[in-house]
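Structure first, commentary second.
The values are calculated or read from the model by the stated rules, or taken from the named source; none is laboratory data. It should be emphasised that the depicted structure is a prediction, and the values quoted were computed from it without experimental measurement. Quick reminder, even Gly has a Cβ in these numbers, built from the backbone with ideal geometry, and neighbours come from all protein chains shown. Note: accessible area is taken over every heavy atom of the protein model, side chains too, but ligands, DNA and RNA are not part of it. Shrake-Rupley method; radii C 1.70, N 1.55, O 1.52, S 1.80 Å.
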Amino acid sequence: MDEKLSILPDEKEAYTLLNINGRIDGYWSKLLEEYLENSLRSGSYNIALNLKGVHYMSSLGIRILVKYAKLFRNVNGSFGIIEASTAVEDLLKMVGLNTVLRWKSPEFAAPQQNSAITKEVDAYSYEITKLNAPNPVECSLRGNPGKLQKDVYSAEDCQSVEFGKKRFGIGLGAIGLDFGDCKERFGEFVGLGDAVVFAPAGKSNSPDYMLRTGTLIPRIELLYGITFEGDFDTLLYFNSKEPANTLKFSNLLSAVFELTGHEQLVMVMLAETSGLVGVSINRSPAIPRMDSMDLFGYPDVKENINFTSEPEHKNMMTITVGVATLNPEGDVKEFTRQLTPESKIYQHFHSAIFSYHPFRKTNIDLDDTIAQLFENDKIMGVLHLINDNRAITGIGESEFKNGVCWIGKLSTITKPS
C-alpha cells in the first residue's frame, strides 16, 4: 500500500475536484495544507475532495479539513468531501464531522447581482462598484508633525482619540493611560474602526492592539496624525492578469485617482503583499534628547529610525490606511509627502501587517473582515510606507499582488486646535 500522498486536480466548470490518494498523516498532511493554501492564494475558492483513495487519516488531517472548511466558508467559497473511502468515512462519523464536511456544490448558490464595472490598466484588472455614501468623508489633521524632526513632544501635544465604526486613522501614538504612561512607547499606529494597532517605539516586532469589546472603546494617545470618518463611495478589487505580476503602490494610487475621478481621497486597502518598503520609529519622540540630535539627520537617523533594508513581509495580508491628494495645499501638505519625485500625488499611508488570510471576492464587509483578521491571524507589525528612491542603494516601493480597496471622496479637512 502506497504511503505517499498524491493530489491530482480535475478542473470542473464551477469548482476544482482534488483526487487524493495515500496517507494523510503527520508528514503528508503538510503537502495537503500547502496545496489548499496555494489554492486560496490563487483565488480558487471552490474545492471538492475525492478521498476514495485515502486509506488512513490522522487527527492532524481532520484538523486541516476543519480549518480550511472554515476559511473557504469565510470567503463565500465551497469546500468539502464529495467521496471518501470506508476508513475515512468511519473516522468522520466517529468524530461527528461526516455531515459538516460534506461537499455542497456552488452551482446551487443563488445568483448574485453585480453592478461592477471592470477596467484594465496596464497588467491589472480593476473591478469598480459604486457604493451608497450618504455621509461625506470628513478628515481631521491632528497635532504638529513638523515637531518630530528636532523638538520633543510633551504632554501638551498629546490628545486622546477614540475610534469606532467608520472612524479610521494613522499617525504617531500609543495605547495607554495617558502621556506619562506612553512616553517611551510612542510609535506608528493604524486606527481601524473598532480596532487600533500600534508598533511601540524600539519594539516594532511586538505590535499591540485594542479591540472594541463590551463598553471598552479603542483609543490612542496621539502626538500627531490623520483621522477620517464617513461613508466610502467606491469598492475596488484589483487582480493581476498574470500570477507573477505585482502592482507598485504608486501605480495603484494613480489608477485609483483615474478610475474614481476624485482629487482628494481616503482609502482602506486589504491586500496581499509582494513586499513592503517602509519605516518605523525606534526612539519615542517624547523622550528628551541632546539639542544637537536630528531624528532624521545622519548619523542619528541610524539609531532612531528603522528602515526596511529590503522589501519585507512578502505574501502577508495587510490593511493599509491613509489619504492622498492632488491638491496639497495648506496644512495638508505638512501631513503628506510626494508619492514619487515625478508624481502629482501627495499621500500618507500606514500598513498593519497580518499573517496571510484570504478575503471574499463578493459581498465583502469591511468591519467583518477586520474582525476576522484580529480573531484568526497574528499581527506582524505596523509600517509607514515610503518610496526609497535613493540612487543605487534605494529599494523602491511597496508592491502588492491582489486586493480590495474602500475609497471615499474627501470633502472636508479641518485642523482642530
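Among L92, W103, L65, whose Cα sits farthest toward the positive end of the charge dipole of the range 1-141 (+1 at Cβ of Lys/Arg, -1 at Cβ of Asp/Glu, about the Cα centre)? Positive-most Cα among the choices belongs to L92. In a shell of Cβ-Cβ distance under 9 Å around L326, excluding L326 itself, what net charge do Lys and Arg (+1) and Asp and Glu (-1) give? Within the 9 Å Cβ shell, the charges total 0. Once the GluC sites (Glu not before Pro) in DSSP loops with at most 15 neighbouring Cβ atoms within 10 Å are cut out of the chain, the longest remaining piece is 14-183.
Considering only the other residues whose Cβ falls under 13 Å of the Cβ of N132, what net charge follows from Lys and Arg at +1 and Asp and Glu at -1?
Summing Lys and Arg as +1 and Asp and Glu as -1 gives -1.
For the range 165-234, applying the loop criterion from DSSP together with a ceiling of 15 other beta carbons within 10 Å to the trypsin sites (Lys or Arg not before Pro) yields K165, K203.
So how strong a dipole does the range 306-391 carry about its Cα centre when Lys and Arg Cβ are +1 and Asp and Glu Cβ are -1, to the nearest 20 debye?
I would put it at about 260 debye.
In the chain, what percent of the accessible surface is made up of carbon and sulfur (1.4 Å probe, ligands and nucleic acids excluded)?
Accessible surface attributable to carbon and sulfur in the chain totals 48 percent.
The trypsin sites (Lys or Arg not before Pro) of the range 327-384 meeting both criteria, a DSSP state outside H, G, I, E and B (loop) and at most 14 other C-beta atoms within 10 angstrom of the site's C-beta, are K344, K378. Of all beta bridges that DSSP places with both ends in the range 1-160, some 40 percent have antiparallel geometry.
Given the pairs K4/K248; K30/K93; K150/K401, which span a C-alpha to C-alpha distance of over 32 angstrom in this model? Exceeds cut-off: K4/K248; K150/K401.
Residues in the chain average 48 Å² of solvent-accessible surface per residue, probe 1.4 Å, ligands and nucleic acids excluded. Scanning residues 5 or more positions from A201 or on other chains, those with amide H under 5 Å from its amide H are F186, G187, with H placed 1.01 Å from N in the peptide plane. For the charge dipole of the range 117-176, defined by +1 on Lys and Arg C-beta atoms and -1 on Asp and Glu C-beta atoms about the Cα centroid, which residue among Y153, A133, A123 has the Cα displaced farthest towards the positive pole? Farthest along the dipole direction, towards plus: A133.
With +1 on the Cβ of every Lys and Arg and -1 on the Cβ of every Asp and Glu, and nothing else charged, how large is the dipole of the range 167-266 about its Cα centre, in debye rounded to the nearest 20?
In debye, rounded to 20, the range 167-266 gives about 260.
Given their separation in residues at 0.36 nm each and the Cα-Cα distance between them, N144 and V301 gain 54.5 nm when the chain is fully extended. Note on the chain: helix-only mean residue ellipticity at 222 nm, from DSSP H runs of 4+ residues weighted -39500 (n - 2.57) and normalised by residue number, equals -5000 deg cm²/dmol. With the simple model of a label 7 Å out from the Cα in the direction of the Cβ, K344 to D10 spans 5.6 nm. The mean sequence distance of close C-alpha pairs (under 8 Å, at least 6 residues apart), as a share of the length of the chain, puts its relative contact order at 17 percent. In straight-distance terms, cross-link reach from K104 covers every one of the aspartates and glutamates whose alpha-carbon lies under 13 Å from its own, apart from those fewer than eight places away in the same chain; here that gives E83.
Taking each residue as 0.36 nm, the span from S105 to S58 lengthens on full extension beyond its C-alpha to C-alpha distance by 14.3 nm.
Computed about its Cα centre, the charge dipole of the chain is approximately 520 debye, with only Lys, Arg, Asp and Glu carrying charge at their Cβ.
Given the choices (i) 172; (ii) 137; (iii) 152, volume of the Cα convex hull per residue in Å³ derived from the coordinates of this structure is entry (i).
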